Amino acid sequence: MSQDSYFEKVRAQFPALTQKVHGKDWVYLDSAATTLKPESVSQRIYNFNKYEVSNVHRGAHTIADKATVNYENARQAVAEFINAKSQDEIVFVRGTTEAINLAAHSYARNVLKEGDEVLLTEMEHHGNIVPWQLAAEEKKAKVLAAKVLDNGELDMADFRAKLSPKTKIVAVTACSNVLGTVNDISTIVKEAHKVGAKVLVDAAQIVSQEAVDVQAWDCDFLAFSGHKLFAPFGIGVLYGKKELLDQMPPYQGGGSMITNVSFEKTTFNDVPFRFEAGTPNVGGAIALHAAIDFVKSIGFDKIKAHKKALLQAATEGISKIPNVRIIGTAANKGPILSFVVEGAHHSDIGQILDQQGIAVRAGHHCTQPLMKRFGITGTVRASFSVYNNMQDVESFVKAVKKAQELFQ
Ligand code: PLP
């Protein structure tokens, strides 16, 4: 079967794509914001809600036991998916943002001292900036950001120059949600470890693009959201090396995260349960398991090749349109294409594309420091996933050309 016909079968698993928007076939190019959900994931959450709903860990009945087993199996599936050493290193949270807040709250606030530094990069999402600022401010530590080069690659010389024994934490995205730049995480981790810093990888964009191996990277923490990996909203993961999670105090207090509560002294549960106070998103975790199975059923070799072909075709098409400037031309890019049309506001272009049934994102993409770095207020961003095809790319390029002409 050719690659194209294989992916037409994949596309058929996404009923959302059969709808019309403004009377046109819907072209969904906003997967960096959230992915559509395949039938298998929708069915899994439906069946859970219909037949399997029970709370986990405390039940004294068969269906509760089943929910607990499925919830813990999901943890195991995530551990295997990112090659963690054990499922104890997997904490279920709401998403990337909560995962980073957890690490900043429980790890950073515990280790940072006055004068210490947290090193980020100029391409970070606000979700990987603000939690560190909050922790650093409280501890009188400093937040620094390594520069981004004009082509959107990380300036590794600046990164190295800003690393020092004062650096206690490096937090970096594996793939920029605006530039598409894929960073060299192995090198970043090696350099950071040389000065004794711990590394958190923001994997929000990379998890749907390529196999993540936390042991190969040797990163200390990693965060991602299920909803960018074909799973529902409200479920995400913080991975942490067991020895680090073991040292960290609770993030939130409540049920499930304790071993014993008295008014005199409360003792806390082991990891990962210590960080999962209250009733977790059981259905979300189980659906995340189904989403991982969906990704595995295709395999990252095929996924990467398909997205690369789409990105290449879209980049070529957009490059031929006059007065369009692509923001982010790194050699190693994920399937994300950001651009500005000279003389037109990004929101106007977004609206014109929407009228053609084409869904993109327009704005600062929660990366205001990066916008400042490029001297712009926003971009139009198209992002591609397994369910897109060359017809989508053609419609998109045609629509951008038409929009650009309106502003000349
Ligand atoms: N980091 C990156 C690189 C992202 O693209 C996003 C979302 O767009 C986030 C963090 C925040 O993810 P969430 O809103 O799912 O917590």
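For the range 250-270, list residues with backbone N below 11 Å from a point placed 7 Å from the Cα of ASN55 toward its Cβ?
255-256, by backbone N distance to the label point.
Kindly express, to the nearest 10 degrees and within the range 0 to 90, the angle between helix 282-298's C-alpha long axis and the longest C-alpha principal axis of the chain.
50 degrees
In square angstrom, rounded to the nearest 10, how much accessible surface does ASP301 have for a 1.4 Å probe?
We get 140 Å² for ASP301.
Might you tell me the accessible area per residue for the range 43-296, computed with a 1.4 Å probe and given in Å²?
The answer is 40 Å² per residue.
Using alpha-carbon pairs under 8 Å, 6+ residues apart, how would you state the relative contact order of the range 43-296 in percent?
24 percent
For SER40 and TRP26 in the same chain, what is the full-extension length gain: residue separation times 0.36 nm, less their Cα-Cα distance, in nm?
2.9 nm
In debye to the nearest 20, how big a dipole does the range 28-156 give about its Cα centre with +1 on each Lys and Arg Cβ and -1 on each Asp and Glu Cβ?
Dipole of the range 28-156, to the nearest 20 debye: 580 debye.
Tell me which lysines have Cα within less than 29 Å of LYS401's Cα, excluding those fewer than 8 residues away on the same chain?
Answer for LYS401, where 29 Å is the Cα cut-off: LYS20, LYS24, LYS228, LYS304, LYS307, LYS308, LYS320, LYS333, LYS372, listed by chain and number.
Expressed in nm to one decimal, what extension gain is obtained for the pair THR18 and HIS345 from 0.36 nm per residue of sequence separation less their Cα-Cα distance?
Roughly 114.7 nm would be gained on extension.
Which whole-number percent is the relative contact order of the range 281-408 (Cα, under 8 Å, 6+ apart)?
Relative contact order here is 29 percent.
Quick one: if the Förster radius is 45 Å, what FRET efficiency do LYS85 and LEU406 give, using the C-beta to C-beta distance and rounding to 0.05?
Between LYS85 and LEU406 the formula returns 0.25.
Which residue, VAL78, VAL130, VAL93, has the most motion in a Gaussian network model of the chain that connects Cα atoms within less than 10 Å?
VAL130
Report, to two decimal places, the Cα Rg of the range 43-296 normalised by 2.2 N^0.38 Å (N = number of residues).
Details: Rg = 18.5 Å, N = 254, 2.2 N^0.38 = 18.0 Å.
With N residues counted in the range 43-296, Rg over 2.2 N^0.38 Å equals 1.03.
Give me the dipole magnitude in Debye, nearest 20, for the chain about the Cα centre, with unit charges on the beta carbon: positive for Lys and Arg, negative for Asp and Glu.
Details: 45 positive and 44 negative charges, 56 e Å.
The dipole magnitude comes to about 260 debye.
Estimate the FRET efficiency between THR279 and GLU137 by the formula 1/(1 + (r/R0)^6), using the beta-carbon distance for r and 35 Å for R0, to the nearest 0.05.
Calculated transfer efficiency: 0.65.
Among VAL56, LEU245, GLY95, whose Cα lies farthest out toward the positive end of the dipole of the range 43-296, if unit charges sit on the beta carbon of Lys, Arg (+1) and Asp, Glu (-1)?
Toward the positive end, the furthest listed residue is VAL56.
Count neighbours as other Cβ atoms within 10 Å of each site's Cβ, and list the chymotrypsin sites (Phe, Trp or Tyr not before Pro) in the range 45-75 that are DSSP loop with at most 10 such neighbours.
On the way: sites: TYR46, PHE48, TYR51, TYR71; in loops: none.
Loop-located and lightly packed - none at all.
Can you give the accessible area of VAL341 in Å² (nearest 10), computed on protein heavy atoms with a 1.4 Å probe?
Its heavy atoms expose roughly 10 Å² to the probe.
When the Cα centres of the range 350-388 and the range 268-339 are compared, how far apart do they sit, in Å?
16 Å
If packing is taken as the average number of other Cβ atoms within 10 Å across a peptide's residues, how do 177-185, 223-231, 34-42 rank, most packed first? Can you show the working numbers first?
On the way: 177-185: 24.8, 223-231: 27.8, 34-42: 20.2.
In descending order of packing, they fall as 223-231, 177-185, 34-42.
Which cross-chain or sequence-distant (5 or more) residues have an amide H under 5 Å from the amide H of ALA145, H modelled 1.01 Å from N in plane?
Correct list: LEU120.
When the chain is treated as a GNM, springs tying every alpha-carbon pair under 10 Å, which of LYS198, LYS66, LYS50 comes out with the largest mean-square fluctuation?
LYS50
What does the helix-only formula give at 222 nm for the chain: each DSSP H stretch with n ≥ 4 adding -39500 (n - 2.57), the total divided by the residues, and the result rounded to the nearest 500 deg cm²/dmol?
-11000 deg cm²/dmol
Work out from phi, with θ = phi - 60° and the Karplus expression 6.51 cos²θ - 1.76 cosθ + 1.60, the ³J(HN,Hα) of each residue of the range 394-400, listed in order in whole Hz, and give x for Gly and Pro.
Whole-Hz 3J(HN,Hα) from phi for the range 394-400: 4, 4, 5, 4, 4, 5, 5.
The values are calculated or read from the model by the stated rules, or taken from the named source; none is laboratory data. Only a predicted model underlies this, so the values are computations on that prediction, with no experimental measurement involved. For neighbour counting, all protein chains shown are included, and Cβ atoms are generated from backbone atoms with ideal geometry for every residue, glycine included. The protein model used for the area step is the full one, side chains on, heavy atoms only, and it has no ligands, DNA or RNA in it. Shrake-Rupley method; radii C 1.70, N 1.55, O 1.52, S 1.80 Å.
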